[in-house]
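Please read the structure below before turning to the comments.
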Amino acid sequence: MELDDLVTLIRSRRSIRRWQDREVPLGLLTKAIEVATWAPNGGNRQNWRFYVIVNRNTIKSIADKVQNTADQMAYWPEAQEFANEVSRWRERASFLRSAPAAIAVAAAQYDSVADKILTARGKTDRQARHMRAWRNIANTRIQSVASAVAYLLLVLHKMGLGAVWMTGPMQAAGEIENILQVPPGMNLVAFIPVGYPAESPEPGPRRPVEEVCEIVS
């Protein structure tokens, strides 16, 4: 693949939220995951687990859990300040129920040697606590899964499939973990509905690189 081809692939990918009523071959999903496992990850521990969900009833059960939490949050007094945004967000909370398939990613926490040293030292050393907190901002588990999901989304797009990395399911993570029987020590980190696209969204604007890039000399 030439660089221009890769750039075109990246720029043409969209977050898809409507799908055709068409089954997705299981082989495509597992192939996309196999490629995603080549993503960089903390200590090369590969401490992730990918759940391929093709049972429509399971997807609907997960969507119900997400919708229930969205409805609950919408009625909290704290939500009234954001009434208009909450209304739109609530309407879109469980669009994943129409997805023919989904991929959930769970991962175990990875503590490097540095993390262990800083945690032990932090019991008596304020600077060590600060250093540990700074490292926690760039949580290794999140970095690892994010790398894999970035690969996954691009491969799915190349296959002609449409997907979106949702944040809404995280508010129902505990219940979704029960449905998927995620083992102790692992936590849901990402949820990606997948299917053949039934929409072609226009790209969102991107800020000029000059606004987001600073050359340090």
> Can you name every residue in region 161-199 that is under 29 Å from residue 25 (Cα atoms), exposed (fewer than 10 other Cβ atoms within 10 Å of the Cβ) and more than 13 Å from the chain's Cα centre (by Cα)?
Replying inline: 181
>> I need every pair where a residue in region 198-212 that is touching a residue at least 24 places away in the same chain (Cβ under 8 Å) and within 17 Å of residue 14 (Cα to Cα) has its Cβ under 6 Å from the Cβ of a residue that is surrounded by 10 or more Cβ atoms within 10 Å (Cβ to Cβ) and not small (Gly, Ala, Ser), sequence separation at least 6 or different chains.
In response: 198/18; 198/19; 198/20; 199/18; 201/14
> Tell me, which helices (runs of 4 or more DSSP H) lie completely within region 119-198 with 1 or more residues that are closer than 14 Å to residue 109 by Cα and modelled with pLDDT under 95?
Replying inline: 126-137, 140-158
> Quick one: is residue 83 more than 17 Å from residue 43 (Cβ to Cβ) and either modelled with pLDDT of 90 or more or outside any helix (DSSP H, G or I) (or both)?
Replying inline: no
> Could you say which residue among 9, 96 is assigned to a helix (DSSP H, G or I) and in contact with a strand residue (DSSP E or B) (Cβ under 8 Å, 6 or more places away or on another chain)?
Replying inline: 96
> closer than 20 Å to residue 194 by Cβ and within 17 Å of the chain's Cα centre (by Cα) - does that describe any residue in region 67-85?
Replying inline: no
> Given the structure, is residue 212 among the aliphatic types (A, V, I, L, M), modelled with pLDDT under 95 and loosely packed, with under 11 Cβ neighbours inside 10 Å?
Replying inline: no
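The values are calculated or read from the model by the stated rules, or taken from the named source; none is laboratory data. In this text the structure is predicted, and so the values were computed from the model without any measurement. Note that each Cβ is placed from the backbone with ideal geometry, even for glycine, and that neighbours are counted across all protein chains shown.
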